[in-house]
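The values are calculated or read from the model by the stated rules, or taken from the named source; none is laboratory data. These numbers come from a predicted model, not from an experiment. Every residue, glycine among them, receives a Cβ derived from its backbone with ideal geometry; neighbour counts consider all protein chains shown. Just so you know, the surface numbers come from the protein's heavy atoms only, side chains and all, with ligands and any DNA or RNA stripped out. Shrake-Rupley method; radii C 1.70, N 1.55, O 1.52, S 1.80 Å.
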Amino acid sequence: MPAAPFPHGPSVAFDAVVKRYPGGTVAVDGVSVAIAAGGFVALVGASGSGKSTLLKTVNRLVEPSAGRVLIDGDPVDTIEPHRLRRRIGYIFQNVGLFPHMTVAENIAIGLRLEGERRNDVRVGDLLDLVDLPRDLAERMPEALSGGQRQRVGVARALATEPGLMLMDEPFGALDPVTREQLGAAVRGLHDTLGLTTIMVTHDMAEALLLADRVLVMQAGRIVADATPRVLLAGEGGAVADALVAVPRDQARRLRALEAGV
Amino acid sequence: MTRAFLDALARVPDLLAAHVLLAAAALVAGLAISLPLAILSARHAGVARVTLGFASLVQTIPSLALLALFYPLLLWLSALVGGGIPALGFLPALLALSLYALLPILRNAVTGLAGIDPAIIEAADGVGMTAAQKLRLVEAPLVVPIVMAGIRTAAVWTIGAATLSTTVGQPSLGDLIFAGLQTQNWALVLAGCAAAALLALVADALLGLIERGIAMRRRGRIWAGIGLLGAGIALALAPIWAGGGQARTITVGAKNFSEQYVLARVIGHRLEAAGYRVRYREGLGSAVIYQALASGDIDVYVDYSGTLWTNAMHRTDVPPRPRIVQLVGEWTRQTDGVRLLGALGFENAYAFAMRSDDAKRRDIATLGDLARQAPRLTLGSDLEFLERPEWAAVRDAYGLRFAATQRYTPSFMYRALASGRADVISAFSSDGRIAAQHLTVVSDPKGAIPGYDAILLLAPKRADDAKIVTALQPLVGAIPVAAMREANYMVDRDSDKRTPDAAARWLERTLGL
């Protein structure tokens, strides 16, 4: 029997999560935060701030050294990792399409793991969902552009109808135009499918434009937790302000250029 | 030459079948061992260091030595578990070749697994694959092309090294190469080499077909390749299934020189006339052939009384020739149940031989004379003589100290003497080339070298087989040394060479056997 997906939009809670690596490096240093069902939360921070590590404790790609992660109140470590992961969509920068499988086989892999064999209709629907032409189904991944590959990655993550979507720098390797399009598409899917989404990004502009709530991390701790509007108002603290200043300054200079000053 | 080549080709099919089975079994065993090890090694760096280190170490051992090492190892193991493990033939050859096949497969598989893009592994974990699913659905398909390249390398190596299994008594195309090299029958060598090379090329091409089929996702090609490989192996198995009457098959052993090949054929012809199927195990070393007989791997062969007297019985005294034969017979019966049916009637002793003109010029007639001039002379020996106790006995009895010693296969030893690269050789007294090359045999006045009567030995389970004894009894005392020398020379001479089989027929006709 296929594992039941999480009811759309589960809540996620981090309870004093610590990740310490052998050698003493502390990637996540006691994070406690609750994410409401149906939220779109961005985790922002510089490289090495611990945001990716924190994200991966949700689908157990990283096991915390201390603390717990709960989905809808259930600790994730009470579910076998592979069962847990089949109920969570996971998208990351390098996509990781299986090069020896067609686009259709890549998209349907989660269904195949659950023992479902005839997935043609579902694959077609998913290609529609991520705005890819259906005739891409029989292509090999190497024949796709970077943007198409990440759309396939999104389709693959959505195939098992997960309620929770984890995204680790999902658009990091894409050109700005594709990035913009795909960002909007993902936000659209989040809204229509009623997902809970956690997105890791180092790009504050992307976080502000896509997310309902932005968590800023530094040195393994959450140093700001606010809505985009509050952060833009300069009420997120020093670290958040510094990150917000970059796109704000860029926007100001662009406006100035436009005005011909 | 053409006829000789066609004769040689006639021997290829049976040996090719044995060669295919051995190489295929070794490759399959190599795969069965190396693939799980590769998976373990890819998961744990510590395991990888040990497995790859071991496989590389095996690879540095010359294949001939690796094969030879399994003989004492299996003997010891067999003794440990109370017998039953054959130390010669298929098993040691299989083990050595399987070990040899490990490295290319293991190294390619480990390299392939380590080289998979980490993003693909992260994706496999991310979509919720178990470790087994990840291996089956992602890792295995991605490393198959690299592993196939390793399998192709291993296949070519294994097919090449399998020619050496002749030396541990496992028939292979090496039988042709070793016999041909020994009797300087180049048609045989050529037939053996060509068949082995062709086999390697065909196996490589078929594995390549499978490899490309996988890369291009063409099931047709993959199955065509597997089908053709399977068909080849099935064809090689056919004679075994058809064989059925294994009990009536007699295996005749032979050491690695012409006289042994000829005598094996004489024995074989008589057994065939008595209604037996006959197989030959040729090219066995002196050290292993007696053990092969004692353990029943071969049924009958000709040895020399002095060889067993010094090497197996470790005797250093030298009683008269008939007494040695009698004592050897009593010893083999008591220790191994081996029956000494009788002496054939001639002796093939170690004899120090020199070019006649050289011996005259240096005034050397006895080993005592030779010892005085030895520090200025080079001794050419066969491959094993310098390791044998006979050499130690002669050396110590006369104080022989040569300026240099050089080992040759017997045929090349005579050439080395003729060309002057050796001044003295450890010749064989029944060798036709002593007379043909006008060599002088240096006498042994102190009697340091024991008698070497050719003796017919029967394996324990054949010792009291009346039918076999009846078939072979007429050979006892029937072969005078002059006839044996002539038959040997037919095989050894450079022009108008005969095959051992033809020389055996000549010997039978001449002696009215």
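Go through B:150, B:160, B:174, B:180 for me and flag whichever is modelled with pLDDT under 90 and not aliphatic (A, V, I, L, M). Step by step, each of B:150, B:160, B:174, B:180 is checked, and only B:180 is modelled with pLDDT under 90 and not aliphatic (A, V, I, L, M). Against the test of being part of a loop (DSSP other than H, G, I, E, B), within 14 Å of chain A (Cβ to nearest Cβ), of a type in the set (Val, Ile, Thr) and open to solvent by 10 Å² or more (accessible area, probe 1.4 Å), the options B:121, B:116 yield a single qualifying residue, B:116. The residue list A:37, A:27, A:13 contains one member that is part of a strand (DSSP E or B), of a type in the set (Gly, Ala, Ser), more than 30 Å from residue B:215 (Cα to Cα) and under 18 Å from the mean Cα position of the chain (by Cα), which is A:13.
A single entry from B:144, B:189 fulfils the requirement of being of a type in the set (Val, Ile, Thr), assigned to a helix (DSSP H, G or I), within 13 Å of chain A (Cβ to nearest Cβ) and open to solvent by 10 Å² or more (accessible area, probe 1.4 Å): B:144. Summed over region A:70-80, the residues that are more than 14 Å from chain B (Cβ to nearest Cβ) and closer than 22 Å to residue A:199 by Cβ give a count of 3. Would you mind telling me which numbered condition in (1) part of a loop (DSSP other than H, G, I, E, B); (2) more than 19 Å from residue A:202 (Cβ to Cβ); (3) under 16 Å from the mean Cα position of the chain (by Cα) residue A:62 fails? Single failed check for residue A:62: (2). From the list B:74, B:16, B:31, B:27, the lone residue that is farther than 30 Å from residue B:502 by Cα, within 22 Å of the chain's Cα centre (by Cα), at pLDDT 90 or above and buried (at least 16 other Cβ atoms within 10 Å of the Cβ) is B:27. Considering the conditions (1) buried (at least 20 other Cβ atoms within 10 Å of the Cβ); (2) assigned to a helix (DSSP H, G or I); (3) small (Gly, Ala, Ser), residue A:185 is excluded by exactly one of them, (1). Which ones in region A:56-80 are free of Cβ contacts under 8 Å to residues at least 60 places away in the same chain, over 25 Å from residue A:25 (Cα atoms) and either buried (at least 24 other Cβ atoms within 10 Å of the Cβ) or among the charged types (D, E, K, R) (or both)? Selection gives A:74, A:80.
Screening residue A:60 against (1) more than 14 Å from chain B (Cβ to nearest Cβ); (2) on the phi > 0 side of the Ramachandran plot leaves a single unmet condition, (1). Hey, any hits in region A:87-99 for a residue that's more than 21 Å from residue A:169 (Cβ to Cβ) and without any contact (Cβ under 8 Å) to a residue 40 or more places away in the chain? No: region A:87-99 contains no residue that is more than 21 Å from residue A:169 (Cβ to Cβ) and without any contact (Cβ under 8 Å) to a residue 40 or more places away in the chain.
Going through B:169, B:160 one at a time, which residue ends up being surrounded by fewer than 24 Cβ atoms within 10 Å (Cβ to Cβ) and away from chain A (no Cβ under 14 Å)?
B:160
Residue B:383 fulfils the conditions (1) in a helix (DSSP H, G or I); (2) open to solvent by 70 Å² or more (accessible area, probe 1.4 Å) except for a single criterion, (1).
Which of the residues belonging to region B:128-139 are in contact with a Leu (Cβ under 7 Å, 6 or more places away or on another chain) and within 8 Å of chain A (Cβ to nearest Cβ)? Those that are in contact with a Leu (Cβ under 7 Å, 6 or more places away or on another chain) and within 8 Å of chain A (Cβ to nearest Cβ): B:128, B:129, B:133. Out of curiosity, is residue B:278 within 23 Å of residue B:414 (Cβ to Cβ), outside any helix (DSSP H, G or I) and touching a strand residue (DSSP E or B) at 6+ places or on another chain (Cβ under 6 Å)? Taking the combined requirement at face value, the residue does not satisfy it. Would it be correct to say that residue A:53 is open to solvent by 20 Å² or more (accessible area, probe 1.4 Å), within 14 Å of chain B (Cβ to nearest Cβ) and within 15 Å of the chain's Cα centre (by Cα)? Spelling it out, residue A:53 is indeed open to solvent by 20 Å² or more (accessible area, probe 1.4 Å), within 14 Å of chain B (Cβ to nearest Cβ) and within 15 Å of the chain's Cα centre (by Cα).
Within region B:289-302, being in a helix (DSSP H, G or I) and open to solvent by 20 Å² or more (accessible area, probe 1.4 Å) holds for B:291, B:294.
Looking only at region A:30-50, which residues are crowded, with 17+ Cβ neighbours inside 10 Å and not β-branched (Val, Ile, Thr)? Even if it seems obvious, please write down each step before you answer.
From region A:30-50, those crowded, with 17+ Cβ neighbours inside 10 Å are A:31, A:35, A:37-45, A:49-50; that's our starting set.
A:37, A:38, A:39, A:40, A:42, A:43, A:45, A:49, A:50, listed by residue number.
For residue A:67, the test of being assigned to a strand (DSSP E or B) and away from chain B (no Cβ under 14 Å) is passed.
Does residue A:29 fit the bill of being more than 14 Å from chain B (Cβ to nearest Cβ), of a type outside the set (A, V, I, L, M, F, W, C), out of contact with any Ser or Thr (no Cβ under 8 Å at 6 or more places or on another chain) and touching a residue at least 60 places away in the same chain (Cβ under 8 Å)?
Yes: the conditions hold for residue A:29.
Quick test for you: out of B:339, B:362, pick the one residue that is among the basic types (Lys, Arg) and farther than 30 Å from residue B:281 by Cβ. After applying the criteria, what remains is B:362. Restricting attention to region B:316-339, does a residue exist that is open to solvent by 20 Å² or more (accessible area, probe 1.4 Å), assigned to a strand (DSSP E or B) and not hydroxyl-bearing (Ser, Thr, Tyr)? Checked against the condition, which is being open to solvent by 20 Å² or more (accessible area, probe 1.4 Å), assigned to a strand (DSSP E or B) and not hydroxyl-bearing (Ser, Thr, Tyr), region B:316-339 yields at least one hit. Of the helices (runs of 4 or more DSSP H) contained entirely in region A:81-169, those carrying at least 3 residues that are under 18 Å from residue B:126 (Cα atoms), more than 9 Å from every other protein chain (Cβ to nearest Cβ) and open to solvent by less than 70 Å² (accessible area, probe 1.4 Å) fall at A:103-107, A:146-158. Considering region B:56-68, the residues that are under 13 Å from the mean Cα position of the chain (by Cα) and in contact (Cβ under 8 Å) with a residue 12 or more places away in the chain include one that is surrounded by the fewest Cβ atoms within 10 Å (Cβ to Cβ), namely B:64.
Across region B:177-196, a minimum of one residue is classified as closer than 27 Å to residue B:99 by Cα, over 14 Å from the mean Cα position of the chain (by Cα) and free of Cβ contacts under 8 Å to residues at least 12 places away in the same chain. Whether any residue in region B:255-270 is modelled with pLDDT of 85 or more and either of a type in the set (S, T, N, Q) or outside the structural domain of residue B:469 (by TED's automatic domain parsing) (or both) is what I want to check. The answer is yes, given that some residue of region B:255-270 is modelled with pLDDT of 85 or more and either of a type in the set (S, T, N, Q) or outside the structural domain of residue B:469 (by TED's automatic domain parsing) (or both). Residue-level check: of (1) away from chain A (no Cβ under 14 Å); (2) without any contact (Cβ under 8 Å) to a residue 40 or more places away in the chain; (3) not β-branched (Val, Ile, Thr), residue B:150 misses just (2).
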